[in-house]
Amino acid sequence: MRNLQIPYRLELLPAVPAFHRRARKEKEFEEGQLVYYGPSPGYYGIGEVKSLIEGFVAVDFRGTGQFGVHEDMFKPEYLIPIPRSTMSIL
């Protein structure tokens, strides 16, 4: 069993289910943008958008969440953008 130190206060990020109107809202993602997995922020942690490929968003989480995932692809409705102003409290 590994001892994972999560570098962010992920409990401060609100869970936003994929079917919620905030998640379905039209979002424009761009490379370098910080995002999190809306339904359960602690699972993946905070990631950086690496690329947009045919309706999917490739995100590098660098192992910041409970699952230790480094990279994964998501439909946009599963990702929530993190405003730069919010990063200082995380």
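Every read-out reported here was derived from the displayed coordinates using simple, explicitly stated rules and does not represent laboratory data. Small disclaimer: the values here were computed from a predicted structure and weren't measured. Positions of Cβ are generated from backbone atoms using ideal geometry, with glycine treated the same way; all protein chains shown enter the neighbour counts.
Before moving on, here are some points about what is shown:
- In this structure, the amide hydrogen of Val69, modeled 1.01 Å from its nitrogen in the peptide plane, lies closer than 5 angstrom to those of Gly63, counting only residues at least 5 positions away or on a different chain.
- This model, with +1 at the C-beta of Lys and Arg and -1 at the C-beta of Asp and Glu, gives segment 10-87 a dipole about its Cα centre of some 340 debye.
- Relative contact order [Cα under 8 Å, 6+ residues apart], the chain, whole percent: 28
- From helices alone, the chain scores -2000 deg cm²/dmol at 222 nm; the rule is -39500 (n - 2.57) for each run of n ≥ 4 DSSP H residues, then divide by the residue total.
- Loop chymotrypsin sites (Phe, Trp or Tyr not before Pro), segment 39-79, which have at most 16 other Cβ atoms in a 10 Å radius of their Cβ (DSSP): Phe67
- With the charge dipole of the chain set up from +1 on Lys and Arg Cβ and -1 on Asp and Glu Cβ about the Cα centre, the Cα lying farthest toward the positive end among the listed residues Leu13, Leu79, Thr64 is that of Leu13.
- Prolate/oblate/rounded label for segment 10-87 (Cα gyration tensor, a/c 1.5): rounded
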